[in-house]
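A short write-up of the structure that comes next.
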Amino acid sequence: MGESPVWLGDDGLVWVDSLRGRVSTLAGTTFDLGEKVGSVAPLAGGGFVAALEHRVVATDARGTLTAELTALDLPAHHRLNDGAVDPYGRFVFGSMNEHRDAADAALFRLDGTRLDVLRAGLTLSNGIDWSPDGRTIYFTDSVAKRVFAADYTEHGPLRNERIFAEWPGPGMPDGLAVDAEGQVWSAIWDGACLVRYAPDGNVAARVDLPAPRPTSLAFGGPRLDTLYVTSARVGLDEPTLARFPCSGAVLVSRPGVTGLITRRVHPSGEEN
C-alpha cells in the first residue's frame, strides 16, 4: 500500500508502504519503522517525521528513532494517516477510523510539542496541501468524498471552511497535491485516475492510470515537472491484479505543469 511520496531534491523520492511500515527511496534505500506508517515528511536538519499508528516520531536518515514528538490517545480502530508540512514548518496530519462507521477522526497540527486539533468530525482524513501563497489549506475526507478548503494562518483555527470539490464516484479522493499554478490534484482511489481541479473547484483535467487504486502524488524531478503517484495492491483480487499489474507500483507522469518546492519540518516552526 504505497503512500506519502515526497521529493527530497538531490536525495530523490521517498515513499512508504503503509501497512508494512516500510520507507523506501528511488535510490534503493529501505528501512522499517516497526508499525503501520501513514506518512512521512522531511526534517530541515535531515531525517524524517513519521506519523505511525498512534504517535508521531522523528527519525534520522536511516530510520533510527530519535524522538517521540507526540502520542495520541486514539481508539484501537483508529490510526494516523496522511500528513504534510505547512508553510510555517509544522507537521499537519490526520487520523482515520478504520471501521469507517463514524465521523470521529480529526486533522491535527504539531508545532514543536504543541498539538492542536484543526478539524474534528472527519472519518478518513487524507490528502493535505496549501495554495502557493499559503493562505488556503486543502484537506480531504475520503469517506465523505469531499475535498475541503479553508483560510489558513500561522496561528489560530481554520476559518471560512467550504467544500472545494465533491467526487461523484466511482471511488473516492485520496492523496492531494497543489501545483505551481494553484490547481489541486487529487488521486482517486478505486477510480484509476488523477483529477486536476481549478481554484474554483471545477475539473480542469483528468489523467487515467494503469492502477485502480492510486493513493497519493508528489511533484519532483530537477525541474519539479515530474508527477510521482503511489498506488496500492491491497484488497484487489487476482483477476484485477492480472488486469492491472502496475498496482502497488510508483507511477510516473509528466503532466506539463510544475509543482512547488518541498517544505520541511522545522522544530521551532520557522517559516519555510
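The values are calculated or read from the model by the stated rules, or taken from the named source; none is laboratory data. Note that the structure is a prediction, hence the values are computed from the model and not measured. All Cβ positions, even for glycine, are placed from backbone atoms using ideal geometry, and neighbour counts span all protein chains on display. These area figures cover heavy atoms from the full protein model, side chains too; ligands, DNA and RNA do not enter into them. Shrake-Rupley method; radii C 1.70, N 1.55, O 1.52, S 1.80 Å.
Listed values, structure above:
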{"quantity": "Qualifying residue in segment 177-190 (condition: in a strand (DSSP E or B) and polar (S, T, N, Q))", "calculated": "yes"}
{"quantity": "Selected residue (only one of Asp133, Asp73 is without any contact (Cβ under 8 Å) to a residue 60 or more places away in the chain, in a loop (DSSP other than H, G, I, E, B), farther than 25 Å from Lys36 by Cβ and open to solvent by 40 Å² or more (accessible area, probe 1.4 Å))", "calculated": "Asp133"}
{"quantity": "Every residue from segment 104-126 that is in contact with a strand residue (DSSP E or B) (Cβ under 8 Å, 6 or more places away or on another chain), in contact (Cβ under 8 Å) with a residue 40 or more places away in the chain and either of a type in the set (Phe, Trp, Tyr) or not in a strand (DSSP E or B) (or both)", "calculated": "Thr113"}
{"quantity": "Criterion violated by Val85 - all others in (1) among the β-branched types (Val, Ile, Thr); (2) crowded, with 19+ Cβ neighbours inside 10 Å; (3) closer than 20 Å to Asn160 by Cβ satisfied", "calculated": "(3)"}
{"quantity": "Condition met for Val184 (surrounded by fewer than 19 Cβ atoms within 10 Å (Cβ to Cβ) and under 20 Å from Ser39 (Cα atoms))", "calculated": "no"}
{"quantity": "Residue that is farthest from the chain's Cα centre (by Cα), among those in segment 10-66 that are more than 16 Å from Val265 (Cα to Cα), in a strand (DSSP E or B) and among the polar types (S, T, N, Q)", "calculated": "Thr30"}
{"quantity": "In segment 92-103, the residues that are open to solvent by 10 Å² or more (accessible area, probe 1.4 Å) and either polar (S, T, N, Q) or out of contact with any strand residue (DSSP E or B) (no Cβ under 8 Å at 6 or more places or on another chain) (or both)", "calculated": "His99, Asp101, Ala102"}
